Amino acid sequence: MIINKFSENIYYSDFVRETDRPVLGYIRGDKFSVMIDAGNSQDHMEEFLREIERMNLEMPKYCVITHHHWDHSFGMEFFKGETIVSRKTNDKLEYLKKLKWDKESVLKRLETGEEIEFAYNAMVVEYENFDDIKVSTGDIIFEDKLILDLGNDLCHIVLVGGPHEEDSSLIYLEKEKVLFAGDAHSGDYYHNEGKIDGEKMKGYIGNLEAIDFNTYILGHDNPIEKETIMMLLKKLI
């Protein structure tokens, strides 16, 4: 795993398309440090934390989850600190936790359309045994927004919804002016065949315009400047 250094206080991993491993973030604080998203498996989580340790960075105290999708949340069970989620995300994780995660059950949900083929194919590669899948709910649950005082910066966590999922949250650093977006601007693959709802995108863009950031870190792509992402998103309406 490669972890990229954005600044003295912000790091992020590369994404992996084959196993649908998203970007994981790390924010170094003077009081405590924070991880962004938990990854899609125990292996993903633990590989990230080993690299953090190798780089002589302190272990994160909290892990903030951008939304409930498996690739961002299935590593939660194996995080040693506390996880932070919105109530909407926690409700969805509660539902996922009740489901059976053996291969046969996932295949049945694929047939009914509750699961999508891309996710299933990635799970097959990521998990040698589907029985190893563990779904966890959050330790700290917020309603609409939460601010963490890291000592050297304020970390804002804001539930915004958007075209991808109604429980998408953004995480941004006030001084660094860096925003972790997860998949918030992407299409809706579980309910709308990957298409983007124009009205939801307009609302999402409005939320972004109200945030003072310079760099936008995506869940499955490379970081991008604010001016560029705003231009691209407006074209998608």
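The values are calculated or read from the model by the stated rules, or taken from the named source; none is laboratory data. Everything quoted here is computed from the prediction, not taken from an experiment. All Cβ positions, even for glycine, are placed from backbone atoms using ideal geometry, and neighbour counts span all protein chains on display.
Kindly indicate whether residue 235 is without any contact (Cβ under 8 Å) to a residue 12 or more places away in the chain, in contact with a Pro (Cβ under 9 Å, 6 or more places away or on another chain) and surrounded by fewer than 19 Cβ atoms within 10 Å (Cβ to Cβ). No; evaluated as a whole, the condition is false for this residue.
A quick yes/no check of all residues on (1) under 25 Å from residue 91 (Cβ atoms); (2) modelled with pLDDT of 95 or more:
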residue	(1), (2)
163	yes, yes
174	no, yes
205	no, yes
215	no, yes
225	no, yes
237	no, no
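Residues in the range 186-202 that are assigned to a helix (DSSP H, G or I) and either in contact with a Gly (Cβ under 8 Å, 6 or more places away or on another chain) or surrounded by 17 or more Cβ atoms within 10 Å (Cβ to Cβ) (or both): 200, 201. Select from the range 89-110 the residues that are in contact with a strand residue (DSSP E or B) (Cβ under 8 Å, 6 or more places away or on another chain) and among the polar types (S, T, N, Q) and write down the one among them that is surrounded by the fewest Cβ atoms within 10 Å (Cβ to Cβ). Among those residues, the one meeting the criterion is 90. Within the range 63-88, being among the aromatic types (Phe, Trp, Tyr) and touching a Cys at 6+ places or on another chain (Cβ under 9 Å) holds for one residue alone: 79.
The one condition from (1) assigned to a loop (DSSP other than H, G, I, E, B); (2) touching a Pro at 6+ places or on another chain (Cβ under 9 Å); (3) crowded, with 22+ Cβ neighbours inside 10 Å; (4) not small (Gly, Ala, Ser) that residue 35 does not meet is (1). When 138, 75, 113, 81 are screened for being surrounded by fewer than 13 Cβ atoms within 10 Å (Cβ to Cβ) and of a type in the set (Gly, Ala, Ser), only 113 passes. Here residue 203 passes the criteria (1) at negative phi; (2) touching a strand residue (DSSP E or B) at 6+ places or on another chain (Cβ under 9 Å); (3) among the small types (Gly, Ala, Ser) except the one numbered (2). Scanning the range 171-185 for residues being out of contact with any helix residue (DSSP H, G or I) (no Cβ under 9 Å at 6 or more places or on another chain) and either among the β-branched types (Val, Ile, Thr) or part of a loop (DSSP other than H, G, I, E, B) (or both) gives a total of 5.
Taken together, 46, 51 contain a single residue that is among the acidic types (Asp, Glu), in contact with a Ser or Thr (Cβ under 8 Å, 6 or more places away or on another chain) and not in a loop (DSSP other than H, G, I, E, B), which is 51. Being of a type in the set (A, V, I, L, M), within 17 Å of the chain's Cα centre (by Cα) and assigned to a loop (DSSP other than H, G, I, E, B) is a description that does not apply to residue 85.
Would you confirm, using the coordinates I've provided, whether residue 229 is assigned to a loop (DSSP other than H, G, I, E, B), over 17 Å from the mean Cα position of the chain (by Cα), farther than 24 Å from residue 58 by Cβ and β-branched (Val, Ile, Thr)? So residue 229 fails the test.
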